[in-house]
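The values are calculated or read from the model by the stated rules, or taken from the named source; none is laboratory data. Please read all numbers here as calculations on a predicted model, not as lab measurements. So basically every Cβ, Gly included, is an ideal-geometry build from the backbone, and we count neighbours across all protein chains shown.
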Amino acid sequence: MNGIIVGAGEVGFHIADRLSREGHNIVVIEQDAERERLLTSKVNALVVHGSGASTETLEQAGIEKADLFIAVTNQDEVNLVACLLATQYNVGRKIARVRSLEYHGGKSRLDAGDFGIDLLINPQRVVAEEIVDAVRYTSANEVSEFADGRIVFLGYSIEENSPVQGVALSDLGEIRGMYPIVIAAIDRNGETIIPRGDDRIEKGDIVFFVCNKRDLPSVRYLFGVEARETRKIFLLGGGGVGLAVARLLHTSGYEVKLIEQNADRCNELADELEGVLILNAGATDIETMLTEGIDEADVFIAVTNDDQTNILSSLLVKRHGTKRVIALVDQPELLPLATSIGVDVAISPRLATASAVLRYVRSGEVLKVAPVDHGNAEVLEVVIPENSKLVGKKLMDVRFPEGAIVGAIMRGQDAHIPDGADMLERGDRLIVFALPSATKKVERFLS
Amino acid sequence: MPIQDILVPEATLRESRARTKEELLRDLVGRLAQAGRVLDRDRVYDDLLIRESEQGTGLGQGVAIPHCRSKGVDELSAAFALCRDGVAFESVDGQPCRFVVVLLSPLKADMSHVQALARVARLLRQDKVQQELLAAGTVDELNRILLSHDE
């Protein structure tokens, strides 16, 4: 595939990195010399200096031959104009990142079709959905659902005295009849490893696995994490993300209190959000929060536009008794730091946007992709095509690409955690965990 | 966690007459209580049934390891029962279970519980062990077989 990416910010960088590693020809258009240098040094992609809204630059980037066009600069207008121009060159698929709701969303008078764009991605909406997922799974670091929610992919942190600390993977294999899970990967000191049978789970690991949703109670027993009911939620920051998250959570039946510093904004929010308590207070106004019961809150979510505020306020309320804290963290450098000092879940708008784009870009047989472990790996939902050479083979006899592991097999309505003796059939859907180096191989392997 | 450290030999049951898993669990918990390994037998029994309601503890191949963490025990303890007619434990393969170990763990969560489960599973699923257990004539013989094949 020949792809052009406009904008080498964090989102563009991540997409360029991933697509080029998967063997696509990627050209990136970027105006900023510093970003250009960074990209050239780290990513195997061609960089063209200039603006994505200029035909000259686009032609230089080889737009006549491009079949994929992704505009992800931080300016909506540039992204939209770039996509309009790409339409003139008959580029097959066009994706634009659009922040402003003027161009996208319920009240907008425009839709993607007006621009000839296949997909408009609104980072705020993507992030809001990711946060709501994180709220619904109380003990997990990362969660994605597959097969219409019947299969879940989870990551649990292993703390001191965890029942599985020191347990070998082969031990878990022995009791698979009772605890049907497939451990896909372990994050150990920031590195993603695909463990083998004699590897042991250690304190500080994040263990990623696939299981059937109906087995969640037993999986929680195995990992020694109690199912906690989440009811009371505090939300800090009444911007676009905060508004979207508050609305989604309130509709799902949670009790939401939204804290916003700006009094005028509080009035607007109160008009928009019926049933949500709006508190006019600052991020560190712990007295007000205590009066409202922050010490008994199940979840605190910080989504102001300042990373430090989000991280610090999360740690502050956790000290005062809030059970779980989720922080929006924009700067990629702060992501691993935030989780290492006590933030339970750190969500990156840029990574979330990049994965939404990647999800769309994947060809044919890939139904869904979810990023894992700060983008160090992915979970794919794929279909075994009719004519695949895998049909009729046992899982253990198939030489699956290195760095990839099958976590679940869906056949019709049945979702199943496999062992080696399972036979593959045509039309089976597989949940596959893959390191970046293996993603493309998995796609090729199936076709 | 060697099986020797957790198996309570005097609780071993050579010919269980239990027809349901409830009967069998009552029986085994009672024997562990007689051996002084259970502080509160009703509580332990209830905790076992709660686990059973969340998931079947049948491993397949005729093996079941009903288990729980419970306030009613203060050390990891196991009891074996041979059920020649088989008892239903909602196994993955739908087979009735003839080789049953009940495993009780104190509340304090640590890895020994999971490792003991794995160890018992590894032992009881071996064909050779199952044949020998079926052929055994006495409780002592059963205990000896269980301990000698543990590795």
What about A:Asp199, is it at pLDDT 85 or above and surrounded by 24 or more Cβ atoms within 10 Å (Cβ to Cβ)?
no
Does the stretch A:274-299 hold any residues that are of a type in the set (Gly, Ala, Ser) and farther than 20 Å from A:Gly253 by Cβ, and which are they?
A:Ala281, A:Gly282, A:Ala283
Looking at A:Asp344, is it modelled with pLDDT under 90, in contact with a Lys or Arg (Cβ under 6 Å, 6 or more places away or on another chain), within 27 Å of A:Asp205 (Cβ to Cβ) and not assigned by TED's automatic domain parsing to the domain that holds A:Val11?
yes
Single match in B:Leu82, B:Leu13 (criterion: surrounded by 15 or more Cβ atoms within 10 Å (Cβ to Cβ), farther than 29 Å from A:Ala421 by Cβ and either within 12 Å of the chain's Cα centre (by Cα) or at pLDDT below 95 (or both))
B:Leu13
Quickly run through the stretch A:55-74 and pick out the residues that are over 24 Å from A:Gly23 (Cα atoms) and either in contact (Cβ under 8 Å) with a residue 60 or more places away in the chain or crowded, with 16+ Cβ neighbours inside 10 Å (or both).
A:Asn74
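How many residues are within 14 Å of chain B (Cβ to nearest Cβ), not basic (Lys, Arg) and not in a helix (DSSP H, G or I) when one looks only at the stretch A:148-198?
The total comes to 21.
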Which of the numbered conditions does B:Val92 fail, given that it passes all the others? Conditions: (1) within 12 Å of another protein chain (Cβ to nearest Cβ); (2) surrounded by fewer than 21 Cβ atoms within 10 Å (Cβ to Cβ); (3) under 21 Å from B:Leu28 (Cα atoms).
(3)
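Can you tell me which residues in the stretch A:202-219 are more than 10 Å from chain B (Cβ to nearest Cβ) and surrounded by 20 or more Cβ atoms within 10 Å (Cβ to Cβ)?
Hits for the stretch A:202-219 are A:Asp205, A:Ile206, A:Val207, A:Phe208, A:Phe209, A:Val210, A:Cys211.
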Grab the strands (runs of 3 or more DSSP E) fully contained in the stretch A:375-438, keeping just those with 2 or more residues being surrounded by 17 or more Cβ atoms within 10 Å (Cβ to Cβ) and at pLDDT below 85.
A:377-383
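For every residue, the table says whether it meets (1) polar (S, T, N, Q); (2) within 14 Å of chain A (Cβ to nearest Cβ); (3) in contact (Cβ under 8 Å) with a residue 40 or more places away in the chain.
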{"site": "B:Leu28", "(1), (2), (3)": "no, no, yes"}
{"site": "B:Asp40", "(1), (2), (3)": "no, no, no"}
{"site": "B:Gly56", "(1), (2), (3)": "no, yes, no"}
{"site": "B:Leu59", "(1), (2), (3)": "no, yes, yes"}
{"site": "B:Ile65", "(1), (2), (3)": "no, yes, yes"}
{"site": "B:Ala79", "(1), (2), (3)": "no, no, yes"}
{"site": "B:Cys83", "(1), (2), (3)": "no, no, yes"}
{"site": "B:Ala88", "(1), (2), (3)": "no, no, yes"}
I'd like to know if the stretch A:263-281 contains one or more residues that are touching a residue at least 24 places away in the same chain (Cβ under 8 Å), closer than 30 Å to A:Met410 by Cα and not assigned by TED's automatic domain parsing to the domain that holds A:Gly420.
no
Return the residues of the stretch B:95-114 that are in contact with a Gly (Cβ under 8 Å, 6 or more places away or on another chain) and within 12 Å of chain A (Cβ to nearest Cβ); say none if nothing qualifies.
B:Gln95, B:Cys97, B:Ala109, B:Met111
Only residues that are in contact with a strand residue (DSSP E or B) (Cβ under 6 Å, 6 or more places away or on another chain), more than 18 Å from A:Ile347 (Cα to Cα) and surrounded by fewer than 21 Cβ atoms within 10 Å (Cβ to Cβ): list them for the stretch A:299-323, please.
none
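Every residue, every condition in (1) crowded, with 22+ Cβ neighbours inside 10 Å; (2) free of Cβ contacts under 8 Å to residues at least 60 places away in the same chain; (3) in a loop (DSSP other than H, G, I, E, B); (4) in contact with a Cys (Cβ under 8 Å, 6 or more places away or on another chain), yes or no:
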{"residue": "A:Ile259", "(1), (2), (3), (4)": "yes, yes, no, no"}
{"residue": "A:Asp295", "(1), (2), (3), (4)": "no, yes, no, no"}
{"residue": "A:Asp330", "(1), (2), (3), (4)": "no, yes, yes, no"}
{"residue": "A:Leu337", "(1), (2), (3), (4)": "no, yes, no, no"}
Are any of the residues in the stretch B:123-132 within 13 Å of another protein chain (Cβ to nearest Cβ) and closer than 25 Å to B:Asp40 by Cβ?
no
Using the structure shown, decide if A:Ala370 is in a strand (DSSP E or B) and either at pLDDT 85 or above or over 23 Å from A:Ile5 (Cβ atoms) (or both).
no
Going through (1) modelled with pLDDT under 90; (2) within 30 Å of A:Glu296 (Cβ to Cβ); (3) more than 9 Å from chain B (Cβ to nearest Cβ) one by one, A:Phe234 fails only at (1)
